[in-house]
């Protein structure tokens, strides 16, 4: 999933962080590539997050999301294969626009006997049949749920982008340690196949990859976030997130990264952009009331964009892993530029 601090979903099921057990992300820390594509054992929570917009030869459109989490429980080594040091989780969702269906599944495993894991010496993360393999130059994604499956190959069309300050992304006014190491690959050429029920579709399109590493949860004043990843037809990309406080205000550490068609990027502070909800909808599954369309403005770029979900109900329920729910789905972008977007909303 996303963006940041998935630990707000995961850490309640593990003991509180003890000083010295896991390494904190601190000011001055930097994303180091290609090392940070790989599993970083010293940190408590980390994730590999993919979304994409795919089309078959007839123009039938699909969106997908696949996220892998590695969550540290404790650092003590075990000789037994049943010793629990971390939990591995995958979330997989597929939006079939023409079929008006949102299909999703979640898995969790301790990693005993090799059923799940993450490697520190090569790009390999897996939870049962859901897996990421390959290299930063060519990634391979496989995932399967009840009635849906993907098998995709991804290669970067743009170089990685370090978000925040060279990859140090602070997430709260409460402490500089509430932060993550965070980088994105905003465009990856994608090809492969999607299966929905008994139909298989050969697809191509574009994906987005986020990688985050952290050891801290959101602070008590924060309730969740809204995250946007926009891929525009003019070649620009925009990632932004709003960290929402319980009193309705936005944490000033909310941030954005604007990536030009040439791959060069710059960080935008919370005062450099605005996000205005245009309407809302109420989930029939959970009763949560979500924004359902947005106007995004970046005045310095003369961008005024309207982001609209391609399916209203793209709410993910995770009863087998993180025990939470959130909205995450594929969207259309119109306005001063056109394109596609993925949006994730938590804490509603």
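Relative contact order for the chain: what percent, with Cα pairs under 8 Å and sequence separation of 6 or more? Normalised by residue count, the contact order of the chain is 16 percent. Taking label positions 7 Å along the Cα-Cβ direction at both residue 137 and residue 42, the computed distance is 2.8 nm, reported to one decimal.
Straightening the chain between residue 144 and residue 304 buys 53.9 nm, computed as 0.36 nm per residue apart minus the Cα-Cα spacing.
As a rough guide to protection, the peptides 156-164, 204-212, 113-121 ranked by mean Cβ packing within 10 Å, highest first, stand as 204-212, 156-164, 113-121.
Modelled label positions at residue 193 and residue 119, each set 7 Å beyond Cα in the direction of Cβ, lie 2.5 nm from each other. Between residue 297 and residue 278, full extension at 0.36 nm per residue minus the direct alpha carbon distance yields a gain of 5.5 nm. Per-residue ellipticity at 222 nm from helix content only, as computed over the chain with -39500 (n - 2.57) for each DSSP H run of at least four residues, stands at 0 deg cm²/dmol.
Note on residue 336 and residue 74: with the Förster distance fixed at 41 Å, the Cβ-Cβ geometry gives a FRET efficiency of about 0.25. Length gained on full extension, residue 33 to residue 285: 86.6 nm, using 0.36 nm per residue less the C-alpha separation. If I take R0 = 30 Å and measure r between the Cβ atoms of residue 271 and residue 311 in this structure, what FRET efficiency does the formula 1/(1 + (r/R0)^6) give, to the nearest 0.05? Result of the calculation: an efficiency of 0.35. In terms of its C-alpha gyration tensor, the chain has a rounded overall shape, because the principal axis ratio a/c (a ≥ b ≥ c, square roots of the eigenvalues) stays below 1.5. Segment 271-315 and segment 154-188 have Cα centres lying 22 Å from one another.
When the Gaussian network model of the chain links Cα atoms closer than 10 Å, the mean-square fluctuations of 197, 217, 106 top out at 197.
Take the Cα of residue 157, go 7 Å toward its beta carbon, and the backbone nitrogen atoms of segment 94-138 under 17 Å from that spot belong to 137-138.
Since every read-out is calculated from the coordinates, none of them should be taken as a lab result. Model, not experiment: these values are computed from the prediction. FYI the Cβ positions are ideal-geometry reconstructions off the backbone, even for glycines, and counts take in every protein chain you see.
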